[in-house]
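Please read the structure below before turning to the comments.
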Amino acid sequence: MSDKPHKPATRAVEAGRRREWTSVPGQSGGVVNPPVWRASTHLYDDMADHLAGRPNEDGHFYYGRRGGPTQWALCDALTQLEPGADGTELFPSGVAAIACALLALLRPGDVLLVPDNAYEPTRNIALGMLKQFDIEARPFDPLDIDDYTKNFCPRTKAVMMESPGSLTMEICDVPLLAAIAHDQKALSIIDNTWATPLGFPALARGCDIAVMSLTKHVGGHSDIMMGSVSAAKPLIGRIRRQAQLMGQVVSPDDAALALRGLRTMPLRLERATESARRVAQFLSERPEVSAVLCPLLPGTHDHELWQRDFTGGCGLFSFVLAKGADANARSRLIDSLDLFGIGYSWGGFESLAIPFDPAPIHTRRPWPPGIDSGSGLGVRLSIGLEDADDLIADLSRGLDSMGMA
Ligand SMILES: *Cc1c(COP(=O)(O)O)cnc(C)c1O
């Protein structure tokens with residue numbers, strides 16, 4: 001084998017398939033995928049083995065709550081996909097991963113900075129749950145470096161980031177925000193669900209901790225819930241201790257599904273990105289649409305930053321209906337779509353549409369952002385693996401059915 005690290009798509013295929021997890025000791029050959037090891041109890045060989053104890057690390061049998069080979073294989077694979085990470089912890093959902101990472105890093109009296117366009121449950125954890133522990137969360141505008149910088153104080157210990165922002169899809173200057181946090185001795189945590197390390201190698205760009213909802217792209221088939229946290233040592237050890245204290249564990253069946261999803265993730269993301277770019281372009285040319293919030297589309301500052309920092313995208317973006325549309329027209333549009341399910345989550349093989357109204361959530365920046373012609377009514381699309389021509393035809397019919405033109 002050459003010393004040069006393989007490219008991400010190759011790692012997505014190879015990672016985590018260690019021989020000890022895909023073969024039987026003493027037998028030649030093996031299988032492609034680590035089997036599903038269902039286990040609560042792990043056994044010791046004898047009393048001497050038991051008394052010797054086990055390192056608290058993946059790869060050592062101890063007890064089901066610390067996972068077995070199927071979960072270890074997934075952790076190993078995710079760690080190998082994230083350059084700069086020394087380990088990965090799994091959680092039963094993305095929200096559980098975010099909550100646990102924040103609890104691991106913050107102590108009473110600390111201040112956490114949260115972007116105004118954060119995923120809403122993240123905002124609720126920060127401003128709600130953490131308050132009970134006397135941790136102060138301060139929302140900041142991730143596009144306004146002054147607003148960000150002036151929120152720091154000696155008690156600021158961590159910064160949460162998301163790029164693009166949830167729903168409104170702004171790309172922020174993550175390397176700069178992370179560098180400022182670093183100068184201020186605060187840890188930077190990024191929710192990297194949109195890009196995954198394939199599209200944005202977060203630790204290599206200066207973040208300390210990368211969180212993902214594996215429910216989305218890694219699962220990829222809308223049939224599992226899971227989350228992950230990846231980081232370098234010693235941070236990953238703090239996350240691991242917190243996760244173990246809180247009894248966080250995922251089933252081996254779900255871990256096997258996540259591994260299955262991971263193998264095709266680069267291909268799926270490539271296809272969804274290409275289709276999303278085409279659908280976004282189509283929407284930007286329609287009179288019923290006042291703005292397409294999609295970093296893949298050329299001509300915006302978001303796109304410039306995306307091109308500078310990212311190596312890929314995905315199928316998730318939003319658009320805003322033009323003035324003249326009302327909530328009923330938006331409902332008619334979404335109801336008329338044949339190929340878009342109405343549902344939360346995203347990153348599956350199937351396309352989805354969901355309405356959103358961020359005005360009550362955002363407090364630092366008015367919505368819609370500088371779009372005077374807009375109605376403020378948002379629709380978020382998750383573009384799946386259908387043929388883009390069919391998706392465009394479906395949306396075209398739907399926009400016609402609003403009767404606005
Ligand atoms: C869905 C989502 C999450 C939460 O993931 P779950 O697995 O649904 O708990 C976190 N962050 C972002 C950006 C998401 O879209």
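Descriptive notes on the structure:
- Within the listed set Leu305, Leu245, Leu381, the Gaussian network model of the chain (springs between alpha-carbon atoms below 10 Å) gives the highest mean-square fluctuation for Leu245.
- Assigned charges on the beta-carbon of Lys, Arg, Asp, Glu; the stretch 264-401 dipole about Cα centre (debye): 460
- Charged-residue dipole, Cβ positions (Lys, Arg, Asp, Glu), the chain about Cα centre, Debye nearest 20: 880
- Alpha carbon centroid spacing (whole Å) that separates the stretch 289-347 from the stretch 48-84: 40
- Basic side chains Lys and Arg get +1 at the Cβ, acidic Asp and Glu get -1 at the Cβ, and with that the dipole of the stretch 1-105 about its Cα centre reaches some 340 debye.
- The stretch 160-246: relative contact order in percent, alpha carbon pairs under 8 Å with at least 6 residues between: 21
- Of the DSSP H helices in the chain, those that are both long (alpha-carbon extent of 24 Å or more along the helix axis) and hydrophobic (Kyte-Doolittle mean at least -0.5) are 252-284.
- Considering only Pro121, Phe282, Ala96, the residue lying farthest towards the positive end of the dipole of the chain is Ala96, judged by Cα position with unit charges set on Cβ.
- For Gly324, the shell of other residues with beta-carbons less than 12 Å away shows a net charge of 0, using +1 for Lys and Arg and -1 for Asp and Glu.
- Residue exposure sequence - His182, His50 - by fewest surrounding Cβ within 10 Å: His50, His182
- For the chain, lysine pairs with C-alpha atoms less than 17 angstrom apart, excluding pairs fewer than eight positions apart on the same chain, total 4.
- Most positive-pole-ward Cα, Leu235, Ile190, Val211, against dipole of the stretch 8-261 from beta carbon charges: Leu235
- Kirkwood analysis of the chain, using all unique Cα-Cα pairs, places the hydrodynamic radius at 22.2 Å.
- Among Trp37, Trp346, Trp72, residue whose mean-square fluctuation peaks in a GNM of the chain (springs only between Cα atoms under 10 Å): Trp37
Every number in this text was worked out from the coordinates using simple rules, so none of it is lab data. Treat the numbers as computed from the prediction; the structure is a model and nothing was measured. Don't worry about glycine lacking a Cβ; one is built from the backbone with ideal geometry, like all the others, and counts go over all protein chains shown.
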